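See below for the structure under consideration.
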Amino acid sequence: MTFKTLTARFALVLSCILMTATPALASGLQCVPYAREVSGIDIRGNAYTWWDQAEGRYARGHAPKVGAVLAFAAVAKMRNGHVAMVSEVVSDREVLLDHANWSRPGGIERRVRAIDVSEAGDWSKVRVWYGPVGGLGLTVYPTKGFIYAAREDRAEPDTRQIARAPSGPSDPRGIYTLVAGDD
């Protein structure tokens, strides 16, 4: 095999890799499109606007339910807010979340721990698992509450589109963490 043939093959393989990777990186690795896709809640715009936009369209509340989207308030470190879908309710003060763009730009994380640290137990303040520290982050984030996938006139959320993590935790503490491309 000549150097020219080897170079051509390398270029072909590299272009194939880039063509398959680019759509994945360009499509929905921000929290809003990811939450919309996995929850079925059809709200658009910055995450901090979701709570108000949901009024009259989706049920809202302060109790976690599988398939609900937790709407984070905008703060200095997170000017556009954040949204994350509840993949499992562990207890009345702990859930597992699926979300994007939290621990690393564009990354998707599934089944990561979030705890309610509010004084009233109403999920108005939370701490969320943060990849770089390998545990719950130190920051307490204010939230607006949960937006349920069910419309106002239905009692239960629609959970048909909830993503499921593979069997077995990826972390010794029982936390599942995946990023784009690991599926």
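The values are calculated or read from the model by the stated rules, or taken from the named source; none is laboratory data. Please read all numbers here as calculations on a predicted model, not as lab measurements. For neighbour counting, all protein chains shown are included, and Cβ atoms are generated from backbone atoms with ideal geometry for every residue, glycine included. Ligands, DNA and RNA are stripped out before the accessible areas are found, and what is left, the full protein with its side chains, is counted by its heavy atoms. Shrake-Rupley method; radii C 1.70, N 1.55, O 1.52, S 1.80 Å.
Of all accessible surface on the range 55-145 at a 1.4 Å probe, what whole percent is carbon and sulfur? So the carbon and sulfur contribution to the accessible surface is 51 percent. Using the Cβ-Cβ distance between residue 88 and residue 139 with R0 set to 25 Å, the FRET efficiency works out to roughly 0.65.
A 1.4 Å probe run over the protein chains yields, for the range 55-139, 42 Å² of accessible area per residue, whole-number rounding. Take every Cα pair under 8 Å whose residues are at least 6 apart in sequence, average their separation, divide by the length of the range 92-133, and the relative contact order is 34 percent. Once the C-beta distance of residue 79 and residue 122 is scaled by a Förster radius of 25 Å, the resulting FRET efficiency is 0.55 to the nearest 0.05. Give a quick list of GluC sites (Glu not before Pro) in the range 51-108 that DSSP marks as loop, anything other than H, G, I, E or B, with at most 15 other Cβ atoms within 10 Å. Hits after loop and neighbour filter: 55.
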